[in-house]
Amino acid sequence: MTQTETERDGTDGGITRRTLLKTSAAGALAVGVGGAAVQSSGATPESSDGKTAYGNCWQCHKLCGMEVTLQESGEGPDIATEVHGIDGHPRGSAGAGTKGTLCPKGLSQVEKAYSPHRIKEPYIRKDGSLTAVSWDEAFEYAADGLADFKENHGAQSLIEFHGWGTAGTFSTLFGNLYGCPNSVPHPTPTCFGSMAVTGTLMGLGGGNIRWVDYENTEYLLVWGRDPLETFAGQWEAKQLLRARARGATIVTIDPVYTETAQKSDKWLPIEPRTDGALALAIANVIIEEELYDAEFVEKYTHGFEAYTDAVEDKTPEWAAEKTGLDAETIREVATGFGRAAPSAGITSWTGLGQSADHQKGSQNVVALTGLVGNIDRPGGQRWFGDAGLADPFKVGCEADLPDHAAENKCYLTDPDAGYASMINKPVQNNIPEMVDNGDVNGMVYYYRNPVTDGASQEWLGTEDEDGALDEMDLVIGIDAFWSETARKADVVFPEASQLEKPMLGSGGYGAYNTKSWVTGSKAAIEPQWNTKSGFDIIKGLGHAMGYEEYFPWEDKEAYINNQLSALDLTLDELENEDTYVLTGDYGWEKWKEGGFAQGADTFWFDLDKKLTGAYEALSEQVGTEIDTAPQWVPPGTIGDELTGEYPLEMIDARSVEFSHGGDQALSKPLEQLAESYDLEHEDYRGNYLVLNPVDATERNIAHGDRVRIDSKHGDAELLAVVTDGIRPGTVSVEPYGFGRGSIQPDEDGANNMLLNSPDQIDPISGEIDRHLAISVTKTGGEH
């Protein structure tokens with residue numbers, strides 16, 4: 001498909017490909033109710049006229065409010081039968097007076113609670129095999145194993161993987177108390193590190209290139225992101241559609257014709273990894289036409305002269321040759337954005353955060369926010385305020401919490417250890433090497449599966465060679481579903497699902513752009529089978545390890561009430577208010593008093609006083625001078641270069657049905673994904689390779705054919721989706737998180753990180769490179 005300008009269709013904003021509103025507009029859906037609930041309870045609800053409980057969806061960790069319908073089941077505990085959104089909820093609605101809804105991930109929570117694929121009881125490794133045991137035995141076994149591990153290897157030889165777990169005490173136990181210094185954070189280096197780290201260094205803030213004041217924006221650049229499908233809660237998709245309805249201009253910049261592109265005024269199908277060129281050309285026009293905020297630049301920025309030098313010759317005509325876009329369209333977008341500013345915003349995410357070549361591209365994009373002065377101003381990049389919860393360890397725990405992790409060497413970030421990025425950030429891809437070298441000998445993980453994040457072969461091993469999981473002396477996991485990581489662990493603690501445990505969160509980004517908020521809920525149903533909440537698991541293990549004084553709370557509700565004490569609230573009171581309370585007001589331009597990210601006095605165009613040494617080392621590594629100012633770095637300078645053997649650029653994406661690797665075991669989302677590609681008739685429930693008809697025809701590939709993807713490092717198989725909605729030369733694995741190592745019961749689909757080698761990273765941030773050069777071939781017979 002060529003570059004196109006889409007027309008408004010006069011609809012209410014319904015989404016055409018994934019049908020977000022198709023599954024959520026009704027506000028309620030009985031997900032897996034018959035099957036899933038019956039299988040675990042033995043009772044079939046005759047109607048949904050039951051009691052009401054509440055919840056906060058954690059499937060993508062955004063806490064959209066849920067109203068849960070319960071059905072009595074005779075003498076047994078109540079059964080959850082339906083979930084609905086909550087009107088006015090800060091994450092699940094567009095704001096006050098608007099309908100609250102749930103996306104397919106949220107609507108699948110009933111099925112998740114009763115899924116037969118869940119881990120149903122604790123397991124420990126006996127005589128080489130995982131064996132089901134009691135909780136007391138599992139806690140004792142894990143505590144003894146950790147004590148032996150510390151004696152034999154030291155706490156500095158343990159590594160901690162913490163995803164979006166809900167306990168709030170995981171790092172406290174293993175870092176502060178046990179002394180493990182090696183923590184792999186989220187979202188870097190696995191989500192959008194190149195953008196997050198760059199945004200922080202420049203003063204915008206790591207996630208603030210993502211957050212826009214939708215309520216006031218007049219011009220929106222959706223850059224390498226699809227907020228109508230992979231939103232940060234329902235509020236974002238709804239407010240974007242409201243902005244569109246009131247006349248805001250929306251431009252999507254993406255090689256894929258995403259859901260958001262379909263609802264945009266313009267779709268710019270950019271050549272992958274050339275975003276930096278486009279950003280420099282936009283700046284060239286804005287400066288040339290004097291559309292930038294001269295007062296903001298003069299008073300609040302550093303390095304503007306270096307920036308102007310960098311963009312001086314980067315005209316739209318120059319960028320057109322690099323990006324494959326039309327020069328006049330680039331000029332039109334630049335002037336539209338500049339004239340609308342500061343009521344103009346950019347929302348960007350993984351599209352510019354997951355490539356070795358994207359760190360400089362990210363710098364070029366973030367620089368635009370400083371140029372037009374849209375930071376924390378109405379309609380621009382919004383710095384959302386937080387409600388301010390109390391620290392339970394300070395208000396509810398009499399013992400002084402130590403920090404034993406600080407006493408030990410952190411192999412992940414110590415530059416002398418040789419594993420960190422060039423600015424001493426963790427590099428997850430280096431952990432298998434750390435295991436081979438004996439610097440890491442064990443792992444604890446919670447709500448995280450590192451084997452689907454990067455260097456998957458090195459984690460999992462091959463037929464001829466053990467992987468890092470096999471070589472470690474101790475692996476302890478907290479998870480809800482079986483994965484290859486869990487099956488290789490020594491201790492597996494089964495965690496309760498969202499509906500089975502109390503939840504709490506505070507804003508933060510959401511539907512209320514000038515009000516802070518807090519949301520929380522009690523457990524809607526009892527933990528299924530012999531599972532526990534993450535909090536109860538960590539508390540039980542902490543007691544077994546001898547840390548009773550640091551876990552004085554009776555349960556998670558007591559812990560949450562300590563957090564809420566700063567707001568003079570209790571969890572009971574939150575539930576009485578339909579799970580959320582608006583707690584205070586905050587204004588704009590907070591940088592005038594509080595400074596920019598990391599306490600900086602100015603916004604940094606040029607990182608000359610921060611990254612000079614790192615860029616000098618990078619320049620020497622790649623044989624090309626990398627400057628500290630914004631700069632054009634061609635694709636392949638640091639990352640993969642396309643070749644005759646590997647001529648296609650592979651990217652990957654999330655989908656509205658899945659978040660990371662958390663719900664691939666659920667039948668409803670798998671069915672919805674297959675239906676979205678008209679492939680529900682196939683005996684296959686995995687992910688898909690999206691490719692253009694030009695690339696498909698050259699390889700004799702038809703829609704629904706099984707194909708093999710190969711890189712210089714690995715391979716995988718999945719089904720093909722042939723569509724005009726992606727730029728020729730680019731293929732996309734949608735969504736990632738399937739295949740070998742995942743929780744998908746049959747391991748259908750492709751773990752595309754089998755194609756990623758340990759050295760394929762952004763050397764500055766440590767982000768895993770997901771833009772890989774590959775080949776695609778048809779396998780098997782005709783479709």
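The values are calculated or read from the model by the stated rules, or taken from the named source; none is laboratory data. None of these values were measured; they are calculated from a predicted model. No Cβ is skipped: glycine too gets one built from the backbone with ideal geometry, and neighbour counts run over all protein chains shown. Areas reflect the complete protein model, heavy atoms only, side chains present, ligands, DNA and RNA absent. Shrake-Rupley method; radii C 1.70, N 1.55, O 1.52, S 1.80 Å.
Tabulated data for the structure shown
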| read-out | value |
| --- | --- |
| The chain - percent of accessible surface contributed by carbon and sulfur, probe 1.4 Å | 42 percent |
| Neighbour cut-off at most 16 other Cβ (10 Å), DSSP loop, GluC sites (Glu not before Pro), segment 604-640 | 625 |
| Sparse-neighbourhood loop sites, GluC sites (Glu not before Pro) in segment 509-602 - DSSP loop, at most 10 other Cβ within 10 angstrom | 554 |
| For segment 496-600, the fraction of alpha-carbon pairs in successive 10 Å shells from zero, as % | 13, 33, 29, 19, 6, 0 |
| Residue 592 versus residue 298: modelled label distance in nm, points set 7 Å from Cα along the beta carbon direction | 1.7 nm |
| Environment charge at residue 603 (Cβ cut-off 12 Å; Lys +1, Arg +1, Asp -1, Glu -1) | -4 |
| Shape call, segment 529-681: gyration tensor on alpha carbons, a/c limit 1.5 | oblate |
| Equivalent ellipsoid semi-axes - Cα gyration tensor, segment 185-292, angstrom | 21, 20, 15 |
| The chain, relative contact order [Cα under 8 Å, separation at least 6], % | 18 percent |
| For segment 634-724, convex hull of alpha carbons as volume per residue, Å³ | 137 Å³ |
| With all protein chains modelled, accessible area of residue 703 [1.4 Å, Å²] | 60 Å² |
| In sequence order, calculated HN-Hα J values of segment 164-181 (Karplus, 6.51, -1.76, 1.60; Hz; x Gly/Pro) | 9, x, 9, 6, x, 10, 4, 5, 4, 5, 8, x, 4, 8, 6, x, 6, x |
| Cα-Cα separations in segment 107-235 greater than 22 Å, expressed as whole percent | 62 percent |
| Gyration tensor (alpha-carbon) shape descriptor, segment 649-783, a/c threshold 1.5 | oblate |
| For segment 208-355, convex hull of alpha carbons as volume per residue, Å³ | 112 Å³ |
| Karplus 3J(HN,Hα) series, Hz, for segment 623-635 with 6.51 cos²θ - 1.76 cosθ + 1.60 (x for Gly, Pro) | x, 9, 6, 10, 8, 7, 8, x, 7, 8, 10, x, x |
| Amide H within-cut-off set for residue 348, under 5 Å, with H built and near neighbours excluded | 210, 223 |
| Rounded accessible area of residue 448 (nearest 10 Å², 1.4 Å probe) | 20 Å² |
| Over 37 Å [Cα-Cα, the chain], rounded percent | 40 percent |
| 1.4 Å probe accessible area per residue over segment 612-682, in Å² | 40 Å² |
| Kirkwood Rh and Cα Rg combined as Rg/Rh, segment 547-626 | 1.29 |
| Hull-based mean projected area of segment 262-308, where the convex hull spans the alpha carbons, in square nanometres | 4.9 nm² |
| Sequence-distant residues sharing a close amide H with residue 584 (under 5 Å, placed H) | 516 |
| Backbone HN-Hα couplings from phi across segment 597-611 [Karplus 6.51/-1.76/1.60, Hz, Gly and Pro as x] | 4, 6, x, 5, 6, 9, 7, 9, 6, 9, 8, 5, 9, 10, 10 |
| Rounded Å value of the spacing that divides the Cα centres of segment 645-667 and segment 534-605 | 32 Å |
| Cα-based convex hull, segment 584-656, per residue volume (Å³, whole number) | 177 Å³ |
| Theoretical FRET efficiency, 1/(1+(r/R0)^6), r = Cβ-Cβ of residue 675 and residue 700, R0 25 Å, to 0.05 | 0.45 |
| Efficiency of FRET between residue 777 and residue 616 - r from beta-carbon atoms, R0 25 angstrom, step 0.05 | 0.05 |
| Cα-Cα pairs of segment 656-705 separated by more than 19 Å (percent) | 35 percent |
| For segment 55-161, average projected area of the Cα convex hull in nm² | 10.9 nm² |
| Nonlocal amide H pairs with residue 603, under 5 Å, H built at 1.01 Å | 301, 302 |
| Kirkwood-based shape ratio for segment 373-494, expressed as Rg/Rh from alpha carbons | 1.09 |
| Largest to smallest accessible area among 504, 689 [probe 1.4 Å] | 504, 689 |
| Two-decimal log10 I(q)/I(0) for segment 376-447, as the Debye equation yields it once each C-alpha is a single scatterer, q = 0.12, 0.21, 0.28 Å⁻¹ | -0.65, -0.94, -1.27 |
| Semi-axis lengths (Å, descending) of the ellipsoid that matches the C-alpha gyration tensor of segment 451-491 | 17, 12, 8 |
| Heavy-atom surface of segment 73-179, accessible at 1.4 Å and reported per residue (Å²) | 33 Å² |
| Solvent exposure, largest accessible area first (probe 1.4 Å, DNA, RNA and ligands not counted), of 436, 710 | 436, 710 |
| Value in Å of the Kirkwood radius, where segment 235-283 supplies the Cα pairs that are averaged | 11.8 Å |
